[in-house]
Amino acid sequence: MPRLSDTEDAGDVLIAGGGLAGLFTALKLAPLRVTVLAAAPIGNGASSAWAQGGIAAAVHEGDRAEDHAADTIAAGAGLVDEATAHLLAREAPARIADLLQLGVPFDRDLEGKLAVGLEAAHGRARIVHVRGDMAGKAIMEALIAAVRAAPSIRIIENAEAYELISEGARITGLHALVAGRPVTFRAPATVLATGGAGALYAVTTNPAESRGQGLAIAARAGALIADPEFVQFHPTAIDAEKDPAPLVTEALRGAGAKLVDAGGARFVDELLPRDQVARAIAARTQKGEKVFLDARDAVGTKFPHAFPTVYANCMKLDIDPVRAPIPVAPAAHYHMGGVAADENGRSSLEGLWACGEVASTGAHGANRLASNSLLEAVVFGARVAADIMNASLPQVSASAPAPELTDAQMLDADALLALRRAMSA
Ligand code: SIN
């Protein structure tokens with residue numbers, strides 16, 4: 001990559017975030033000129049690539065978007081914005097079609113139709129997967145290839161946003177550390193797609209990059225933040241003191257795996273909404289008891305082929321899930337709260353949009369339904385792109401020197417560890 005100037009023209013749209021939401025938005029914006037800032041080398045550092053579950057969508061015969069929306073609303077603890085949940089479910093099949101067109105190899109049944117799996121709190125099987133538990137990785141590979149081939153998109157890796165730029169009432173870009181050096185990026189439209197905040201907790205399934213930076217810079221610029229306390233804990237991460245904690249996909253419980261105590265007794269309905277299952281497990285682990293996910297009868301010898309990611313993660317920790325139950329504990333997984341965004345991803349600040357996990361649209365209420373997260377990224381990514389393409393974008397002035405980072409923006413390793421422990425406690 002050529003050396004960047006201190007101030008860079010980011011084109012028509014600047015996107016902070018190289019996960020699914022950021023890349024999908026960038027592709028949908030073509031032919032507008034887009035700069036994408038990725039906090040790590042692209043494909044790393046984004047939760048999207050780690051997603052095991054898949055994408056929920058009413059694509060199977062007999063399923064209806066209304067039923068998907070009803071399950072989303074029922075899971076959300078009475079706090080879902082119902083219109084937004086309906087919109088999410090209604091637009092899901094079209095976004096699956098987009099991903100197929102981008103070459104995502106979703107699993108198919110013997111008749112060649114999309115195969116669908118069951119996950120907790122869904123009234124029926126409606127999750128599309130790739131090679132069992134590899135949806136996130138496969139989707140990201142397809143998107144990375146597409147953005148690398150798109151002449152309208154420039155990707156800048158190792159670039160972490162640390163401050164938004166305001167010009168009057170409008171956001172006109174941001175300052176980022178690019179490989180440790182401050183660089184100013186100017187654009188008439190800025191999109192935050194920086195992901196969640198799980199790595200602010202001691203036990204999380206999220207990559208270390210998910211520290212809520214997008215939320216923080218939006219809050220500092222005065223954007224409205226919605227429901228920041230709505231943090232989802234996934235019931236089943238492998239309990240092996242590994243950071244991040246490897247996820248054990250919900251699809252295993254969908255396939256019949258059972259949650260048991262140290263004596264092998266079941267203690268909860270495995271297919272209840274995620275918050276209820278996580279609380280039932282936490283009630284035991286907080287007393288020092290061990291909890292296990294037992295897939296020996298339901299999955300057995302099919303495990304390595306059906307769930308290759310979970311299998312590999314278990315084997316690395318000397319746990320053979322074909323022969324032994326997997327020790328599990330809840331882990332911070334997903335942030336339903338975030339930058340308040342309307343149905344087109346507009347934040348409360350002019351010129352600033354947000355989509356994916358950093359945004360809070362109300363679609364998930366206080367508890368996201370399984371496999372609605374990759375879905376949210378593509379549905380709202382497409383809506384943000386359409387909204388920006390319909391907007392009239394102003395000129396932005398050329399320079400805005402990058403400010404020094406403050407202490408609050410530079411958390412050292414000891415302070416971060418103390419914070420993560422306090423958050424988990
Ligand atoms: C999982 O596979 O259990 C995680 C999927 C999700 O977070 O929706």
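Descriptive notes on the structure:
- Peptides ranked, highest mean first, by Cβ atoms within 10 Å: ranges 106-119, 30-43, 351-364, 60-73: 351-364, 30-43, 60-73, 106-119
- Each of Leu192, Ala65, Ile55 was placed along the dipole of the chain (beta-carbon charges, centred on the mean Cα), and the one lying farthest toward the positive end is Ile55.
- Surface share of carbon and sulfur [accessible, 1.4 angstrom probe, percent] for region 346-415: 50 percent
- Total formal charge among the other residues, if their Cβ is under 12 angstrom from that of Ala240, Lys/Arg +1 and Asp/Glu -1: -1
- Shape category assigned to region 349-425 from the gyration tensor of Cα positions, a/c cut at 1.5: oblate
- Among Pro246, Pro304, Pro327, the largest mean-square fluctuation in a Gaussian network model of the chain (Cα springs under 10 Å) belongs to Pro304.
- Rounded if a/c under 1.5, otherwise prolate or oblate - region 56-171, Cα gyration tensor axes: oblate
- From helices alone, the chain scores -9000 deg cm²/dmol at 222 nm; the rule is -39500 (n - 2.57) for each run of n ≥ 4 DSSP H residues, then divide by the residue total.
- Inter-label distance, nm, simple model (7 Å from Cα along the C-beta direction), Glu229/Ser397: 4.2 nm
- Packing-based ranking of 5-11, 416-422 yields 5-11, 416-422, ordered from highest to lowest mean Cβ neighbour count within 10 Å.
- Computed over protein heavy atoms with a 1.4 Å probe, the accessible surface of the chain works out to 40 Å² per residue.
- Rounded tilt (10° steps) of 373-390 against the dominant C-alpha axis of the chain: 20 degrees
- Extension gain for Lys113-Arg421 works out to 106.3 nm (0.36 nm per residue, less the C-alpha to C-alpha distance).
- Taken over the chain, lysine pairs spaced eight or more positions apart, or on distinct chains, with alpha carbons under 17 Å apart number 4.
- As a fraction of the 1.4 Å probe accessible area of region 195-329, surface on carbon and sulfur atoms comes out at 53 percent.
- Modelled spin-label separation between Arg33 and Arg131, with each label point placed 7 Å from Cα along the Cα-to-Cβ direction: 3.8 nm.
- In degrees, nearest ten, helix 413-424 long axis to first principal axis of the chain (Cα): 50 degrees
- If you sort the three axes of the alpha carbon gyration tensor as a ≥ b ≥ c, you get a/c of 1.5 or more for the chain and a/b above b/c, which makes it prolate.
- Ligands, DNA and RNA left out, the accessible area of region 129-170 computed with a 1.4 Å probe is 54% carbon and sulfur.
- Distance in nm between pseudo-label sites at Glu82 and His60 (7 Å out along the Cβ direction from Cα): 2.6 nm
- Here the gap between Gln101 and Ala149, fully extended at 0.36 nm per residue and compared with their Cα-Cα distance, gives a gain of 15.8 nm.
- Added length on full extension, which subtracts the Cα-Cα distance from 0.36 nm per residue, Ala219 to Ala265: 11.9 nm
- Cβ charges +1 (Lys, Arg) and -1 (Asp, Glu), total dipole of region 314-394, debye: 200 debye
- Of the peptides 376-388, 200-212, 262-274, the order by per-residue mean of other Cβ atoms within 10 Å, starting with the highest, comes out as 376-388, 200-212, 262-274.
The values are calculated or read from the model by the stated rules, or taken from the named source; none is laboratory data. Here the structure is a predicted model, which means the values were calculated and not measured. Backbone-built Cβ (ideal geometry, glycine too); neighbour counts: all protein chains shown. For the accessible areas, the whole protein counts, side chains as well, though only heavy atoms, and no ligand, DNA or RNA atoms are used. Shrake-Rupley method; radii C 1.70, N 1.55, O 1.52, S 1.80 Å.
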